[in-house]
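Student: First the structure, which I've put down as structure tokens, then a few questions once you've had a look.
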Amino acid sequence: DALLLPSLALPALPHGASAQLTPALSYTFLFNILQWPAGVVPVTVVSAPEAEYPPNLELPADQRDSLAAKARDAMKGAEGLPMAVQIATLPHQDELCLFVMRELEEEVNWCAEPTL
């Protein structure tokens with residue numbers, strides 16, 4: 001058995017931004033704490049419409065905070081960056097995790113290069 005999950009809530013963060021956007025990394029924390037094998041596989045890239053975080057007026061009231069502002073800043077220039085999914089398996093199932101990652105990679109056939 002393997003789990004297919006989001007990897008990060010945002011694409012690759014600008015240098016230094018992870019200190020302010022730690023919640024965006026939370027999807028990976030659980031498996032590190034549990035010591036479950038896990039890895040990420042890129043499956044797509046950020047498109048132009050996805051590269052803009054909505055302004056506060058378009059967000060639900062409970063999401064208009066400093067974290068949303070930092071996420072909006074981090075999304076600037078994100079077009080073309082890879083987005084990935086995470087695969088996790090039970091402890092001591094490292095080979096299964098790698099197998100599922102490889103199978104997904106072959107099925108998706110992802111080969112995009114980020115725009116720099």
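Student: How many residues does the range 9-35 hold that are crowded, with 16+ Cβ neighbours inside 10 Å and of a type in the set (Phe, Trp, Tyr)?
Tutor: The number of residues fulfilling the criteria is 2.
Student: Out of everything in the range 81-110 that is among the polar types (S, T, N, Q) and within 21 Å of residue 46 (Cα to Cα), what residue ends up being surrounded by the fewest Cβ atoms within 10 Å (Cβ to Cβ)?
Tutor: Our first condition is that a residue be among the polar types (S, T, N, Q); within the range 81-110, this holds for 86, 89, 93, 109.
With the extra rule that they be within 21 Å of residue 46 (Cα to Cα), the set shrinks to 86, 109.
Numbers: 86: 18, 109: 7.
Here the answer is 109.
Student: From the list 38, 68, 78, 51, exactly one residue is touching a residue at least 60 places away in the same chain (Cβ under 8 Å), over 12 Å from the mean Cα position of the chain (by Cα) and surrounded by 12 or more Cβ atoms within 10 Å (Cβ to Cβ). Which is it?
Tutor: On the way: 38 fails: touching a residue at least 60 places away in the same chain (Cβ under 8 Å); 68 fails: touching a residue at least 60 places away in the same chain (Cβ under 8 Å); 51 fails: touching a residue at least 60 places away in the same chain (Cβ under 8 Å).
Selected residue: 78, the only one of 38, 68, 78, 51 that is touching a residue at least 60 places away in the same chain (Cβ under 8 Å), over 12 Å from the mean Cα position of the chain (by Cα) and surrounded by 12 or more Cβ atoms within 10 Å (Cβ to Cβ).
The numbers here are math on the coordinates, done by the rules we state, and not lab data. Only a predicted model underlies this, so the values are computations on that prediction, with no experimental measurement involved. All Cβ positions, even for glycine, are placed from backbone atoms using ideal geometry, and neighbour counts span all protein chains on display.
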